[in-house]
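Peer 1: Take this structure, written in structure tokens, and hold onto it; I'll ask about it next.
The values are calculated or read from the model by the stated rules, or taken from the named source; none is laboratory data. None of the values given here were measured: they were computed from a predicted structure. Positions of Cβ are generated from backbone atoms using ideal geometry, with glycine treated the same way; all protein chains shown enter the neighbour counts.
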Amino acid sequence: MSYSRMKIGGRKLVKSNIVREEKDVLLEARKKLGFTQQQVADKAKIVLRQYQKFESGERKLSSSSFWMASKVIQVLELDVTNFAGGKYLLVQTNEDIISNTNKK
């Protein structure tokens, strides 16, 4: 994670860049769809333990066979091209006020 600080109107902001891991993308997509791990595995026609390894980060989906990866990605309603290109791992920017220097 990288940070940069800036001061705007007497307020200090921290701009943070967060890079998500592949396992986080899978978990978020599954939860968004309301699926269990078993449902994803069944729909993708893979063994539950295989999917659990992807979601836990024990194994990377991107290093599995194209067939397996594309089936899981399709079930999670993600785009294969965007997944392969790392678009789901893109940096998210958050700005939080950490102090107000104009306090009286």
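Peer 1: Return yes when ARG20 is modelled with pLDDT under 95 and touching a helix residue (DSSP H, G or I) at 6+ places or on another chain (Cβ under 6 Å) and no when it is not.
Peer 2: yes
Peer 1: So, in segment 60-82, how many residues would count as being crowded, with 16+ Cβ neighbours inside 10 Å, assigned to a loop (DSSP other than H, G, I, E, B) and not polar (S, T, N, Q)?
Peer 2: 2
Peer 1: If we keep just the residues of segment 29-59 that are in a helix (DSSP H, G or I) and hydrophobic (A, V, I, L, M, F, W, C), which is surrounded by the most Cβ atoms within 10 Å (Cβ to Cβ)?
Peer 2: PHE54
Peer 1: While we're looking at this one, here's another question. So is VAL72 among the β-branched types (Val, Ile, Thr), touching a Leu at 6+ places or on another chain (Cβ under 7 Å) and modelled with pLDDT of 95 or more or not?
Peer 2: Answer is yes for this residue.
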